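First up is the structure itself, then whatever we jot down about it.
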Amino acid sequence: FSLMCQILKSGETGTKPASFPLSQGDHDGSKIRFTPVTFSMCVPLGRIFLSAVYDFAKMAFPDFAALEDEHKGLCISKCVQMVSMLDGSYRAEHHFPNDLDTHFTSYTTIANGETFETFLDDCSYVANKEEAIEAMKSSLTRTKSMCRELFHRLKPDSVEFTSLLGLGFWNNGVSFVNEELSAAVQRNRAQILKEMHQVYKSRRKIDYASRLGELLSLLDNMEENATLTIQDVQVYRLYNVYNE
């Protein structure tokens, strides 16, 4: 995961203009400057994220590394929304614990109801800007309700988050691609859950079953929201957004 974050940070830094201050004050860039996402950023940031998830998976999961290239691509396409939501929720909880309306859209960009007012300013061909913005705000509100608020209440620690990231990567959508991926999903999810049980037992957490159930419910919510987010894109296309 640290590798994935480094790729995202370096890749997104490279997309900034030369005049752009990269940090909040530290010359080493350790305090990243978060900026509102705009339409023109989405494609390059999305490509960087796909590349980072690919490299993360290749190092973290031997089963993924052993897949044929075509199946690797299918796997990434089915998990990228889940990984993005988990990563964004975890980092939002860290950087904006008291602002549940602000969401990460990438490693260095954020969005909320206010920033969406200018999101389409650099999109010259949107059909109905006002309606498109309202549709996007509605999606953000749903994400807050289904994901961000529950994540905030549960506050997964670093070990729990890493486990959720693995389970989110090997999600149900991946298992539907073919028998090979279905077997990989079952194998990896079983191993991750086994390790979670061992961690809770080592912590002498007697009532961990209820905690684990809540975390899995969070994961279910995110999986449902990921599906709805993909459907949202079809709505945006009615306004001539994301049609390229």
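We did not get these values from a lab; they are worked out from the coordinates using the rules stated. Worth saying up front: this structure is predicted, and the values here are computed from it rather than measured. Glycine also receives a Cβ, built like all others from the backbone with ideal geometry; neighbour counts cover every protein chain displayed.
What helices (runs of 4 or more DSSP H) completely inside the stretch 121-221 contain at least 3 residues that are of a type outside the set (S, T, Y) and under 26 Å from H94 (Cα atoms)?
Ranges flagged: 129-143, 149-154, 158-169, 179-202.
Given the conditions (1) under 26 Å from T105 (Cβ atoms); (2) in contact with a Lys or Arg (Cβ under 8 Å, 6 or more places away or on another chain); (3) assigned to a loop (DSSP other than H, G, I, E, B), which single one is not true for L228?
(3)
Just to check your reading of the model, which residue among D122, D87 is over 25 Å from V53 (Cβ atoms) and not β-branched (V, I, T)?
One residue alone meets the criteria, D122.
Within the stretch 113-140, can you find the residues that are among the polar types (S, T, N, Q) and under 16 Å from the mean Cα position of the chain (by Cα)?
S139, the sole residue that qualifies.
Could you please give the count of residues in the stretch 205-244 that are of a type in the set (D, E) and more than 23 Å from F161 (Cβ to Cβ)?
Residues flagged as of a type in the set (D, E) and more than 23 Å from F161 (Cβ to Cβ) within the stretch 205-244 amount to 2.
Out of the residues in the stretch 106-153 that are among the basic types (K, R) and more than 19 Å from L228 (Cα to Cα), state the one that is surrounded by the most Cβ atoms within 10 Å (Cβ to Cβ).
It comes out as K129.
Return a yes/no flag: does the stretch 85-96 have any residue that is in a loop (DSSP other than H, G, I, E, B), surrounded by 13 or more Cβ atoms within 10 Å (Cβ to Cβ) and in contact (Cβ under 8 Å) with a residue 24 or more places away in the chain.
no
Output the residues belonging to the stretch 231-244 that are of a type in the set (D, E, K, R) and either touching a Leu at 6+ places or on another chain (Cβ under 7 Å) or in a loop (DSSP other than H, G, I, E, B) (or both).
E244 - this is the single residue of the stretch 231-244 that is of a type in the set (D, E, K, R) and either touching a Leu at 6+ places or on another chain (Cβ under 7 Å) or in a loop (DSSP other than H, G, I, E, B) (or both).
Go through the stretch 33-45 and report how many residues are more than 17 Å from Y236 (Cα to Cα) and part of a helix (DSSP H, G or I).
Going through the stretch 33-45 one residue at a time, the tally reaches 2.
Show the residue pairs meeting these rules: Cβ distance below 7 Å; 6+ apart or different chains; first residue within the stretch 114-130 and in contact (Cβ under 8 Å) with a residue 40 or more places away in the chain; second residue among the basic types (K, R).
From the stretch 114-130, the pairs are L120/K129.
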